[in-house]
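K.L.:
Structure incoming, see below.
Derivation of every value follows stated rules applied to the coordinates shown; laboratory data play no part. Note that the coordinates shown come from a computational prediction; the quantities given were computed from them, not determined experimentally. Positions of Cβ are backbone-derived with ideal geometry, glycine not excepted, and every protein chain shown enters the neighbour counts.
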Amino acid sequence: MREATRYFLTTAIDYPNSRPHIGTAFEKIGADVQARFRRMEGYAVHFLMGNDENTIKVSQRAEELRIEPKPYVDEMARQFRKVWAALEISCDDFIQTSEPRHHVGCQKFLQAVSDAGDIYKKAYTGLYCTGCEAFKTEKELVDGRCPNHPNTPLRAVQEENYFFRLSAFGDRLLAHYRANPEFIQPESRRNEILNLVESGLQDISITRKGFSWGIPVPFDPEQTIYVWFDALLNYITAIGYGTDEARFRSLWPADVHVIGKDITRFHCALWPAMLMSAGLPLPRRVFGHGFVYNKGAKISKSAGTAIDPMDVFRIHGADAFRYYFMRECPFNGDGNFSEERFAEVYNADLANNLGNLYSRTLSMCIKYFDGRLEGSSAIEPDAWLAGLDLSALVADLREKIGDFEYHVALQRIWLEVLGAANRYIDATAPFRLAKTDLAACKVVLVNLAEALRVIAILIKPFLPRTAEIFYRAFNFEQSQGWDRVGNGDVPARPAVPDWHVTAALVGGKPAPLFPKIEVKGPDA
RNA sequence: UGCGCCGUGGAGCAGCGGUUAGCUCGCCAGGCUCAUAACCUGGAGGUCGUAGGUUCGAUUCCUGCCGGCGCAACCA
């Protein structure tokens with residue numbers, strides 16, 4: 001068997017200061033859709049996520065809780081993974097930057113960059129706010145004070161740090177952007193970075209002195225590696241850089257880093273420069289997705305606008321949650337979340353359209369044929385398409401999903417495929433044929449069963465649970481197991497002789513997949 | 001201030017150099033009854049923020065302005 005093409009994708013690693021909110025969930029879902037889609041296309045996907053743990057805040061928080069940092073980050077990682085699992089995020093690996101594999105790889109990398117002559121030591125003088133435990137720039141100050149801690153005087157602190165010669169990489173970065181237009185996506189992010197790098201880069205301090213929680217600098221144990229330099233390296237340390245070179249070589253470079261638009265500069269300027277210095281290939285693509293706002297307001301923990309994803313999908317299910325964000329919030333731009341809008345989208349697209357199509361199809365099969373469509377193999381189920389060209393549609397969806405244009409892909413599926421099925425029922429009226437022409441009625445139902453199968457495949461990356469329920473509504477697995485079903489199976493009618501309903505029934509009827517959300521009226 | 005984004009029928013969003021500007025919700029009128037009071041058809045409603053420019057032609061490209069927002073480099 002031919003070795004499948006590898007596809008390595010990553011998300012940003014998260015600060016484990018607090019639980020994930022819907023904004024971080026948005027990113028993971030978007031990446032997961034890509035991972036699932038690529039698997040369906042036959043790629044050997046490696047999907048990496050993780051937590052960013054070597055930060056001052058983590059050690060402070062652990063201290064507040066009177067526990068050691070390591071048990072603290074382990075517990076947070078457990079909670080994060082639990083949320084991601086509940087959201088059906090299909091990552092293959094989850095790295096914590098406190099793990100030995102990361103420490104080893106980081107030190108090796110830093111040494112490599114140092115050997116390349118891109119690291120030097122320099123005294124840095126700055127105003128330090130003890131309230132924030134951070135340096136402040138002149139621009140940030142309000143009346144010479146830290147805006148967050150106006151009563152705490154700033155201290156002038158001088159510290160010797162190691163610097164990375166980022167400024168030396170400007171021309172090479174620009175050359176790379178020009179030679180690889182798809183390196184930074186979407187276009188607006190690319191323009192931003194082009195602008196930034198053209199205006200000149202400054203060297204960046206990459207170590208801190210006096211912190212015990214973090215990765216020691218190999219050639220100066222008094223210093224630890226600063227979080228940004230350290231965090232980016234997770235993409236290579238997780239796959240064996242410094243610990244398993246063969247594996248590293250088989251997976252690197254990454255096909256895409258999925259990140260938030262706020263950290264594009266680190267991924268598109270600093271990160272490639274680091275890799276160039278160490279003599280490693282650059283990732284093929286960086287995709288900076290937009291943000292999710294809470295009714296137009298920025299998601300902020302302090303302002304109380306953060307929403308816990310669990311609150312939403314605990315009630316309505318992970319698939320509904322995933323659908324909302326993928327359909328409603330363009331991945332290359334910003335979107336909004338509100339309970340009202342969620343209920344609207346859920347009821348219209350999932351309950352009335354998708355779920356109801358499932359219900360009415362199965363109900364008729366059960367009611368008129370006791371669930372058995374005998375002789376189905378003699379029927380060519382393409383009437384329901386009414387001229388819709390499925391292979392052209394799939395080709396277009398490949399392009400759209402490959403470019404992270406999920407909202408467009410979903411709109412097409414709903415408008416054209418679900419629409420075709422619902423219109424077909426209306427046009428043929430199988431409920432009427434059941435009284436006059438059972439054979440004709442069966443033809444319609446075989447068509448509808450086929451429609452459910454096609455829909456199952458098309459929505460598989462987005463709504464994995466629902467897709468599986470659709471596929472398993474009939475005995476299609478006798479010809480192809482669900483786990484192996486891919487986009488190539490859309491036009492391939494299953495060679496199963498007598499299609500029959502295998503769906504779970506409640507009281508002889510299919511249970512509603514997406515029970516409608518009762519919308520509260522203004523006086524409720 | 002610099003950079004970026006947004007301003008499209010009542011609401012929320014797509015779209016994008018070119019046939020009658022789409023979708024969802026809401027509203028109105030029909031049809032249907034298999035289904036989660038769901039589904040299907042049709043209708044009302046927009047001079048695509050504003051003033052100019054480029055073009056045979058702009059909602060779509062450029063510039064100014066108005067309004068909203070995000071980011072501004074050791075700050076995630």
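K.L.:
Note down the magnitude of the dipole of the stretch A:370-524 about its Cα centre, charges +1 on Lys and Arg C-beta and -1 on Asp and Glu C-beta and zero elsewhere, to the nearest 20 debye.
P.N.:
380 debye
K.L.:
So which DSSP H runs in chain A come out at 20 Å plus along the axis (Cα) with average Kyte-Doolittle of at least 0.0?
P.N.:
A:438-459
K.L.:
Under unit Cβ charges (Lys, Arg +1; Asp, Glu -1), what dipole magnitude, rounded to 20 debye, does chain A have relative to its Cα centre?
P.N.:
400 debye
K.L.:
For the residue pair residue A:158 and residue A:182, what label-to-label distance in nm results when each label sits 7 Å from Cα along the Cα-to-beta-carbon direction?
P.N.:
5.2 nm
K.L.:
With n ≥ 4 as the cut-off for DSSP H runs, can you work out [θ] at 222 nm for chain A, using -39500 (n - 2.57) per run divided by the number of residues, rounded to the nearest 500? Could the numbers behind the result be given before it?
P.N.:
Working: 20 runs with 216 residues, N = 524.
Computed ellipticity for chain A at 222 nm equals -12500 deg cm²/dmol.
K.L.:
Could you give the length gained on full extension between residue A:477 and residue A:85, defined as 0.36 nm per residue of separation minus the Cα-Cα distance, in nm? Can you show the working numbers first?
P.N.:
On the way: separation 392, 0.36 × 392 = 141.12 nm, distance 2.52 nm.
Working it through step by step, the gained length comes to 138.6 nm.
K.L.:
Expressed in nm to one decimal, what extension gain is obtained for the pair residue A:92 and residue A:377 from 0.36 nm per residue of sequence separation less their Cα-Cα distance?
P.N.:
Gain on extension, residue A:92 to residue A:377, equals 98.7 nm.
K.L.:
How long is the gain from residue A:398 to residue A:5 if the chain were fully straight, where each residue apart is worth 0.36 nm and the alpha carbon distance is subtracted?
P.N.:
This chain segment gains 139.8 nm when fully extended.
K.L.:
In nm, to one decimal, how far is the residue A:209 label point from the residue A:246 one, both placed 7 Å along Cα→Cβ?
P.N.:
4.4 nm
K.L.:
Now for a different question. Calculate how many DSSP beta bridges within chain A are antiparallel, expressed in % of all such bridges and rounded to the nearest 5.
P.N.:
So the antiparallel bridges amount to about 55 percent of the total.
K.L.:
Put +1 on the Cβ of each Lys and Arg and -1 on the Cβ of each Asp and Glu in the stretch A:60-121; which of A:71, A:95, A:83 then has its Cα farthest toward the positive end of the dipole?
P.N.:
Projecting each Cα onto the dipole axis, the largest value belongs to A:71.
K.L.:
What pairs from A:28/A:460; A:261/A:400; A:57/A:108 go past 22 Å between their alpha carbons?
P.N.:
Over 22 Å apart, Cα to Cα: A:57/A:108.
K.L.:
I've got another one for you. Whole Å is fine, so just give me how far the alpha carbon centre of the stretch A:460-512 lies from that of the stretch A:381-445.
P.N.:
Here the two parts' Cα centres lie 16 Å apart.
K.L.:
Taking the stretch A:1-30, which trypsin sites (Lys or Arg not before Pro) meet the DSSP loop condition and have no more than 14 other C-beta atoms within 10 Å?
P.N.:
A:2
K.L.:
Sticking with this one: Please report how far the C-alpha centroid of the stretch A:181-223 lies from that of the stretch A:63-118, rounded to the nearest whole angstrom.
P.N.:
18 Å
K.L.:
Looking at A:175, A:213, A:503, which one has the Cα that reaches farthest to the positive end of the dipole of chain A (charges on Cβ: Lys, Arg +1; Asp, Glu -1)?
P.N.:
Value: A:503.
K.L.:
Right, another one. Nearest 20 debye, what's the magnitude of the dipole of the stretch A:163-230 about its Cα centre given +1 on Lys and Arg Cβ and -1 on Asp and Glu Cβ?
P.N.:
Using Cβ point charges on Lys, Arg, Asp and Glu, the stretch A:163-230 gives about 20 debye.
K.L.:
Continuing with this model, one more query. Once you have a ≥ b ≥ c as the square roots of the Cα gyration tensor eigenvalues for the stretch A:410-495, tell me rounded if a/c is under 1.5, and otherwise prolate or oblate according to whether a/b is larger than b/c.
P.N.:
Cα axes put the stretch A:410-495 in the oblate bin.
K.L.:
Leaving out same-chain residues fewer than 8 places away, which aspartates and glutamates sit with a Cα under 12 Å from that of residue A:121?
P.N.:
A:159, A:160, A:203, A:220
K.L.:
Estimate the FRET efficiency between residue A:435 and residue A:495 by the formula 1/(1 + (r/R0)^6), using the beta-carbon distance for r and 41 Å for R0, to the nearest 0.05.
P.N.:
With a Förster radius of 41 Å, E is 0.80.
K.L.:
Another one. What share of all Cα pairs of chain A, in percent, falls into each consecutive 20 Å distance bin?
P.N.:
20, 48, 25, 8, 0
K.L.:
Check each of the GluC sites (Glu not before Pro) in the stretch A:179-228 and keep only those in coil by DSSP with at most 13 other C-beta atoms within 10 angstrom; list them in order.
P.N.:
Loop-located and lightly packed - A:182.
K.L.:
Hey, if you put +1 on the Cβ of every Lys and Arg and -1 on every Asp and Glu Cβ in the stretch A:320-376, which of A:337, A:364, A:323 ends up farthest toward the positive end of that dipole?
P.N.:
A:364
K.L.:
Would you mind calculating the relative contact order of the stretch A:412-524 from Cα pairs under 8 angstrom and at least 6 residues apart, reporting the percent as a whole number? Please list the in-between numbers first.
P.N.:
On the way: 79 pairs, mean separation 21.3, N = 113.
Taking the mean separation of contacting Cα pairs over the length of the stretch A:412-524, I get 19 percent.
K.L.:
Taking H as built 1.01 Å from N, whose amide H comes closer than 5 Å to the amide H of residue A:217, not counting residues under 5 places away?
P.N.:
A:223, A:224, A:225
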